[in-house]
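The values are calculated or read from the model by the stated rules, or taken from the named source; none is laboratory data. The structure displayed is predicted, hence computed values, not measured ones. Heads up, the Cβs are rebuilt from the backbone with ideal geometry, glycines too, and the neighbour counts pull from every protein chain shown.
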């Protein structure tokens, strides 16, 4: 339980680091993964040894897909954070579990339960309140909110790819190989877009290192450990603390505030996600939830 709480708290800092980064949004995503890769590869090679490379030979296409989907997730989400509030970007990205079930319905004809439909409707109603409850000019912020929803779609695709790998490939190998493909995809995108690739100050490099070590390495690893030792239902509830903590961090450190309608919308979104997760966990029995949005 301590690992789950610490992991959620660590991942919740990622939006803050992006908000204050001295590099562009996509470049920040590249450095987040690239600086974490040595630690992820050391972890995988130490834990898996020869199996690390056998996993790649056996499942390279799915590992590549996971890396590319995660690249899309980071690129779009980081732009969302820049354009809208940390709370909105993080809450909307957490709609991913709903898109996972919708994708399973479309692709695999797995019909969702009535309880899931209730949860989805609740989350969508909360999203309308969240986006419409901001007392500020919309413009780019509305685009940022839209990109938050697109982020959830990319992360849903990533979760489906990881689910396909989970029974055959260790978590450490998934993170190491998919992270390599993510960095390889983000680098040319950042270069072509003309974003600032390098921070101007030592503090800027420290922010990127903090993003990589706290959010990518520590946060993901702690949650992966916790999910292996806790009931799936408890883990899924605990991970909903992540967007709440991100909003609290943004309020305390960045001065971002939400109006009462937006706060109500955020609560309704979380309730809808939880109902949808409960429906899916009930359908799967003891199946573990997917990895949290980073």
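Look at region 125-147: where a residue is under 22 Å from residue 96 (Cα atoms) and a partner is in a loop (DSSP other than H, G, I, E, B) and at pLDDT 80 or above, sitting 6+ places away or on another chain with Cβ atoms under 6 Å, you get 141/84; 144/84; 145/84.
Apart from one condition, residue 224 fits all of (1) at pLDDT below 95; (2) crowded, with 21+ Cβ neighbours inside 10 Å; the exception is (2).
With the structure loaded, tell me whether residue 46 is closer than 22 Å to residue 219 by Cα, out of contact with any helix residue (DSSP H, G or I) (no Cβ under 6 Å at 6 or more places or on another chain), at pLDDT below 90 and not in a loop (DSSP other than H, G, I, E, B) or whether it fails that test. Yes. In region 107-147, the residue that is modelled with the lowest pLDDT out of those that are within 25 Å of residue 261 (Cβ to Cβ), touching a helix residue (DSSP H, G or I) at 6+ places or on another chain (Cβ under 8 Å) and in a loop (DSSP other than H, G, I, E, B) is 134.
Contact annotation: no residue pair with Cβ atoms under 6 Å, 6 or more positions apart or on different chains, pairs a residue in region 108-124 that is in contact (Cβ under 8 Å) with a residue 60 or more places away in the chain and on the phi > 0 side of the Ramachandran plot with a partner that is part of a helix (DSSP H, G or I) and surrounded by fewer than 14 Cβ atoms within 10 Å (Cβ to Cβ). Taking first residues from region 39-56 that are crowded, with 16+ Cβ neighbours inside 10 Å and partners that are outside any helix (DSSP H, G or I), the Cβ contacts under 7 Å between residues at least 6 apart in sequence or on separate chains come to 48/170; 55/169.
Keeping to region 80-97, report how many residues are part of a helix (DSSP H, G or I) and either surrounded by fewer than 24 Cβ atoms within 10 Å (Cβ to Cβ) or under 10 Å from the mean Cα position of the chain (by Cα) (or both). Number of matching residues: 5. Residue under question is residue 183, and the condition is that it be within 17 Å of the chain's Cα centre (by Cα) and under 19 Å from residue 15 (Cα atoms); does it hold? Taking the combined requirement at face value, the residue satisfies it. Comparison of 174, 100, 150, 169 shows that the only residue that is in contact with a helix residue (DSSP H, G or I) (Cβ under 8 Å, 6 or more places away or on another chain), outside any helix (DSSP H, G or I) and buried (at least 17 other Cβ atoms within 10 Å of the Cβ) is 169.
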